[in-house]
Amino acid sequence: MSTSDGNIESILHEDRSFDPMPSKGAPWHIGSLDEYKELYARSIEDPAAYWSQAAEQMHWYNHWRSVVSYEAPDAKWFVGGTTNLCYNCVDRHVKDGFGDQVGIVWEGEPVGDNGPEILRLTYADLQRETAKFANVLLAHGVRRGDVVTIYMGMIPELAIAVLACARIGAVHSVIFGGFSAQAIADRIEDANSKIVITCDGAWRRGSVVPLKDNVDEALELVGEGKVKTVIARQRCMNGIGWTEGRDHWWHDVMQDAIEDCPCVPLDSEEMSFLLYTSGSTGKPKGIQHTVGGYMVYTATTSKFAFNLVPDADQMYWCTADIGWITGHSYILYGIMPNRVPTLMYEGAPNHPEPDRFWDIVERHKITQFYTAPTAIRAFMKWGDEHPKKHDLSSLQVLGTVGEPINPEAWMWYHNVIGGGECPIVDTYWQTETGGHMITPLPGATPTKPGSCTQPFFGIDAAVVDADGNEVGANEGGLLVVRKPWPGMLRGVYGDRDRFVDTYWSTVKIDGKPVYTAGDGARRDDDGYFWIMGRIDDVINVSGHRLGTMEVESAMVAHASIVEAAVVGMPHEIKGTGIAVFCSLATGFTASDDLRSELREHIAKEIGAIAKPDMIRFTDALPKTRSGKIMRRLLRSIAAGELEVNQDTSTLEDFSVVAKLQESGES
Ligand code: WTA
């Protein structure tokens, strides 16, 4: 990351021994760096031994015959074993006598006279509700392996719907509530899904997001009759359209549902869910995850990275939305098997006031708090007075995820939120990896602000050149993972070529392909990893992945645009913002009105997260002699490194800069 690299360097060199190693959350699962190193070395020497011992912590109906079989790019974990994710998150705790313990705490966004609405669901409640909803799914024709689309706000029924799918082996495809009708339609079509679970609306910063309307619009795009069933949970009581025969209220279908529906023993390698994520080319791809490997991987990483301990008065909170992988793995699937309550918050961090998160931390005595650098930067901007109003002394471990954290934000998080006493786990991972790949372990790994530090057990991460040779200390290279791990993706839904091309074609070692993450990285003299950002055409906006091609094709779908190029630009809060350079069709004039119209158009095509931060109109895009758009030049212009006359009333002419650049380059 060019934005933070300078800072990282100075902190590294000025204070190389920075190591808070706080002790507030002790005892730690891993007590020292030496213990980590020894365990790590053993896990890499014999991954099967490490992972079979980890898998023994879970419930299996049938034990696996072999731990792993691997022929790159295809891995199978816990081969022949049968298990169930919902059983391990919920039923198992009931069976063990913990039915009365709280599994999920939920807090709604609106704050009434008596405070916000809070629900505490015990494992027994969750067993009953997931069984009932599983029966509803079965009654509507859902069978093992069918894809159930879920597009809901952050309400308890979202967790119940997800876990109900897991109960019966239906494959869920959760779509983030911020995505548009077009994005929903694309995902429903790609997965050939026949059923959608949604809500009338979702609360966001005091307003209603019309989820059911978006679903209705999406289903029109998909074509009549393709989706047979829509089940909607009432939440905001906003008026919605209704298609008789297809649409059902959640409360109606649940009313008579039977409370008994045993978890189905599923093959370890069966697909548990699809989650769509952006790539360099084309439409978002459906990343496929499994039952057994994903379960073992998320539960194990959760336990060690967050130091989860049952019956230790812990209250864990991850602020992500379940629509992203972070919510899948670290609100639900990884946390719940550890029998530590997980908090789900419905709304925005600044509603009704900018101290909402700290108010939640104080009231619920949060012990582990997991959020994104973009949120931390926003909190910094809103001012220290908001967290300072609250007692945050319950906090033990602080986590971040989604993008590189700039050292300034790291220090603020450490001092202002953690009171200088909580370890920070900067967890590097991806939708594709299922769970954490490179992360400090609290209490064991000395941290350096801006570095995700060391690989998790069993993760053979390396920084290599194009030939697969490890590069030297402090040299940049490609981040690869040389051995398989249980949580790895097993495919891109319906597109084997894309799976192979994207992840397994860039680097070979000893003639065999290795997993290439798509990120640039370097290791310092201590072997610590520093993620340097994406090396493909993916940009990371507020920790959310977007393909520049996705935004470009949405732009040219607008009548006024002939050609568009999208690049990332530094952004104070989002980390990376979206800059669009585009040329207009004849008859259209550059104006601020057109800019606003285009921003709304993008929100409609993809979602509000993809709204450009800057739109610049030009006669023609700067191209090389061979006709390639000069993206590096556009990035410099967007970053303000190159001065170009910017007059909104006329079209900009980048050709002059382009020519200068090209002649300078050759
Ligand atoms: C980036 C989110 C630096 C990276 C879990 C990766 C990070 C992409 C970090 C995956 C981190 C995630 N430090 N960069 N701690 N965590 N990234 O699939 O570029 O939404 O490839 O998964 O986010 O984003 P995704």
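Which pairs break 21 Å Cα to Cα here: K604/K628; K76/K283; K76/K512; K95/K132; K37/K303; K611/K659?
The pairs that break the limit, which is 21 Å between Cα atoms, are K604/K628; K76/K283; K611/K659.
Under a no-solvent Debye model with one identical scatterer per Cα of the chain, what's log10 I(q)/I(0) at q = 0.07, 0.10, 0.11 Å⁻¹?
The Cα Debye sum returns log10 ratios of -0.45, -0.95, -1.17.
Run the helix sum for the chain: -39,500 (n - 2.57) per DSSP H stretch of 4+ residues, divided by residue count, reported at 222 nm to the nearest 500 deg cm²/dmol.
When only DSSP H runs of four or more count, the value is -8500 deg cm²/dmol.
Kindly state, to the nearest 0.05, the FRET efficiency for S553 paired with S23, given R0 = 56 Å and r defined as their beta-carbon distance.
The formula returns an efficiency of 0.60 here.
By how many nm would the segment from E71 to R632 lengthen if fully extended, with 0.36 nm per residue of separation less the alpha-carbon distance?
Once the chain is fully extended between E71 and R632, it gains 198.2 nm.
Between the stretch 539-563 and the stretch 467-495, how many Å separate their Cα centres?
Spelled out, the Cα-based centre of one part sits 27 Å from the other.
Around T326, with a cut-off of 15 angstrom between Cβ atoms, what is the net charge of the other residues, counting Lys and Arg +1 and Asp and Glu -1?
-3
Explain nothing, just compute: Karplus ³J(HN,Hα) = 6.51 cos²θ - 1.76 cosθ + 1.60, θ = phi - 60°, for every residue of the stretch 548-556 in order, whole Hz, x for Gly and Pro.
Computed from phi, the couplings for the stretch 548-556 are 4, 5, 4, 5, 4, 5, 5, 5, 6 Hz.
Hey, any idea what the orientation-averaged projected area of the convex hull of the stretch 542-662's Cα atoms comes to, in nm²?
Answer in nm², one decimal: 7.3.
Give me the one-decimal Kirkwood hydrodynamic radius in Å for the stretch 29-162, with the sum taken over alpha-carbon pairs.
About 18.5 Å, per the Kirkwood formula over Cα pairs.
For the chain, which whole-number percentage of the solvent-accessible area (1.4 Å probe, protein heavy atoms only) is attributable to carbon and sulfur atoms?
Taking all protein chains in place, the chain shows 48 percent carbon and sulfur surface.
For the stretch 129-273, I need the span (max minus min coordinate) of the C-alpha atoms along each principal axis, in Å, sorted largest to smallest.
The principal-axis extents, from largest down, are 40, 31, 30 Å.
Rounded to whole Å and sorted largest first, list the principal axis extents of the Cα atoms in the stretch 445-591.
Its Cα atoms span 58, 38, 26 Å along the three principal axes.
Going by Cα centres, the stretch 236-305 and the stretch 111-154 are how many Å apart?
10
If you add up the charges near N338, with Lys and Arg at +1 and Asp and Glu at -1, over every other residue whose beta carbon is less than 12 angstrom from its beta carbon, what do you get?
+2
Using the Karplus curve 6.51 cos²θ - 1.76 cosθ + 1.60 with θ = phi - 60°, work out ³J(HN,Hα) for each residue of the stretch 226-235 in order, rounded to whole Hz, and write x for Gly and Pro.
5, 9, 8, 9, 10, 10, 10, 8, 7, 9
Out of every Cα pair in the stretch 158-220, what percent are spaced more than 17 Å from each other?
Tail fraction, whole percent: 42.
Under a straight-distance cross-link criterion of Cα-Cα below 16 Å, which aspartates and glutamates are reachable from K226, leaving out those fewer than 8 residues away in the same chain?
Once the sequence-local aspartates and glutamates are set aside, what remains near K226 is D146, D186, E189, D190, D216, E217, E244, D247.
Express the accessible area of the stretch 514-666 per residue in Å², computed with a 1.4 Å probe while the remaining protein chains stay in the model.
Roughly 44 Å² per residue, with all protein chains present.
Out of residues 5 or more away from H571 or on other chains, whose amide H comes under 5 Å of its own, with H placed 1.01 Å from N in the peptide plane?
Under 5 Å from the amide H of H571: T576, G577.
The values are calculated or read from the model by the stated rules, or taken from the named source; none is laboratory data. Just so it is clear, the structure is predicted and the values come from calculations on it, not from any experiment. Don't worry about glycine lacking a Cβ; one is built from the backbone with ideal geometry, like all the others, and counts go over all protein chains shown. Side chains are part of the model used for accessible areas, which takes the heavy atoms of the whole protein and leaves out ligands, DNA and RNA. Shrake-Rupley method; radii C 1.70, N 1.55, O 1.52, S 1.80 Å.
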